Amino acid sequence: MNSEYEVSSEIYEEHDYTCKSKAIVNNDNIVSRFVFTLKPEKTEPDEDGDLQVTRRKSVEKCIEIEHSKSTVLKLVGLQIWRGAFLLADWLIECADNFPKDCIILELAAGVGLTSVIASMYAKVYSTDVNRGELFRLIESNYKRNKHLCKHPLKVAEIDFMSSNLSREILAILPKVSYIIAADVVYDNELTKAFVNTVDLLLSVPPQRSIVIALEKRFVFTLADFDSVAPCYDYFVDCLKSLKNVTFEEIDCDFPQYFKYDRVKQLVLWKITSKF
């Protein structure tokens, strides 16, 4: 694909996310409003140890995110893609299982949607490449949704093309319980660098897991005379090269909290270090 050819996420064709809020970081950006629900509160046992049956409706919330509507391929992280919604759904569904005082680290956070959702449940390190206005955009989107966030969010750099982690990341890594990433598989060179970074992050004890949301993107090739997902297949091949980890595909049959098309091509992978 021509690197100067602009692409747009499919989500804008599927639902109307427009809102009247104004962009803060860049006037060429748009602001979208995404409605989601939270899980009903858990029932608590009474003094006899019996569960009190209380039926509560799911609470509806919304998050507003400033982002680009179209970009060249190398800047697709400035948009929002379906994988971010799937990962956000997973965070909401599994938040009850997060360890107390845990830290969640997001890779390739882009405009920060899933980092903001994660900050509802844990302290977050939202990481990406420190390029252009990206860090300002993540911080602005966090402040824009401060009413949702119960924990602090810090922006830091992790560059997949670097063979080393910064002192800052190495210092907090022992306290990181989960690493998350969405929509990072679309270019083989970047995919290889991403998996190498995953290897670095999982090689530091204690045990932790990384959860990756992505969409299989199929193309028809004459060579295969079939529709194939070459970028996804390359990603899985790279995973198989990792040592001292286990990896599994997570069923996506948990409830959907965000409004988007959860197509069957969306998948979740969980990779866990062995210590």
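Take the residues of region 1-30 that are in contact (Cβ under 8 Å) with a residue 24 or more places away in the chain and part of a helix (DSSP H, G or I): which is surrounded by the fewest Cβ atoms within 10 Å (Cβ to Cβ)?
Here is the first cut: in region 1-30, the residues in contact (Cβ under 8 Å) with a residue 24 or more places away in the chain are 1, 3-12, 14-15, 19, 21, 23-26, 28-30.
Among the residues that remain, those that are also part of a helix (DSSP H, G or I) are: 11-12, 14.
On the way: Ile11: 19, Tyr12: 16, Glu14: 13.
Only one residue fits best here, namely Glu14.
crowded, with 21+ Cβ neighbours inside 10 Å and of a type in the set (Asp, Glu), is that true of Asp101?
Working: crowded, with 21+ Cβ neighbours inside 10 Å: no; of a type in the set (Asp, Glu): yes.
For Asp101, the condition - crowded, with 21+ Cβ neighbours inside 10 Å and of a type in the set (Asp, Glu) - is not met.
Output the residues belonging to region 108-129 that are touching a Ser or Thr at 6+ places or on another chain (Cβ under 6 Å) and either among the hydrophobic types (A, V, I, L, M, F, W, C) or part of a helix (DSSP H, G or I) (or both). Even if it seems obvious, please write down each step before you answer.
First pass over region 108-129, keeping only residues touching a Ser or Thr at 6+ places or on another chain (Cβ under 6 Å): 109, 112, 115, 124, 126.
The answer is Ala109, Ser115, Val124.
Of the residues that make up region 80-88, is at least one over 22 Å from Phe160 (Cα atoms), modelled with pLDDT of 95 or more, in contact with a Phe, Trp or Tyr (Cβ under 9 Å, 6 or more places away or on another chain) and surrounded by fewer than 22 Cβ atoms within 10 Å (Cβ to Cβ)?
no
Counting just the residues of region 151-208 that are of a type in the set (S, T, N, Q) and outside any loop (DSSP other than H, G, I, E, B), which one comes out surrounded by the most Cβ atoms within 10 Å (Cβ to Cβ)? Please lay out each step first, then the result.
Step one: list which residues in region 151-208 are of a type in the set (S, T, N, Q), which gives 162-164, 166, 177, 188, 191, 196-197, 203, 207.
Narrowing further to those that are outside any loop (DSSP other than H, G, I, E, B): 177, 188, 191, 196-197.
Working: Ser177: 18, Asn188: 14, Thr191: 21, Asn196: 17, Thr197: 24.
Once the filter is applied, the top-ranked residue is Thr197.
Scan region 130-150 for residues that are in a loop (DSSP other than H, G, I, E, B), farther than 17 Å from Ala84 by Cβ and without any contact (Cβ under 8 Å) to a residue 40 or more places away in the chain and jot them down. Don't jump to the end; show me each part of the working.
Initially, region 130-150 is screened for residues in a loop (DSSP other than H, G, I, E, B), giving 130-133, 145-150.
Okay, now just the ones that are also farther than 17 Å from Ala84 by Cβ, so 130-133, 146-147, 150.
The answer is Asn130, Arg131, Gly132, Lys146, His147, Lys150.
In region 105-120, how many are crowded, with 24+ Cβ neighbours inside 10 Å and at positive phi?
Of the residues in region 105-120, 2 are crowded, with 24+ Cβ neighbours inside 10 Å and at positive phi.
How many of the residues making up region 109-135 are touching a Leu at 6+ places or on another chain (Cβ under 8 Å) and of a type in the set (Lys, Arg)? Before the answer, list the steps.
We begin by selecting, within region 109-135, every residue touching a Leu at 6+ places or on another chain (Cβ under 8 Å); these are 110-112, 114-121, 123-128, 134.
Checking the rest, the ones that are also of a type in the set (Lys, Arg) come to 123.
Total satisfying the criteria: 1.
Anything in region 4-33 that is basic (Lys, Arg) and within 22 Å of the chain's Cα centre (by Cα)? List them, or say none.
Taking region 4-33 first, the residues basic (Lys, Arg) are 20, 22, 33.
Scanning region 4-33 gives a single hit, Arg33.
The values are calculated or read from the model by the stated rules, or taken from the named source; none is laboratory data. Just so you know, these numbers come straight off a predicted model, no measurement behind them. Reconstructed Cβ throughout: ideal geometry from the backbone, glycine too, with neighbour counts over all protein chains shown.
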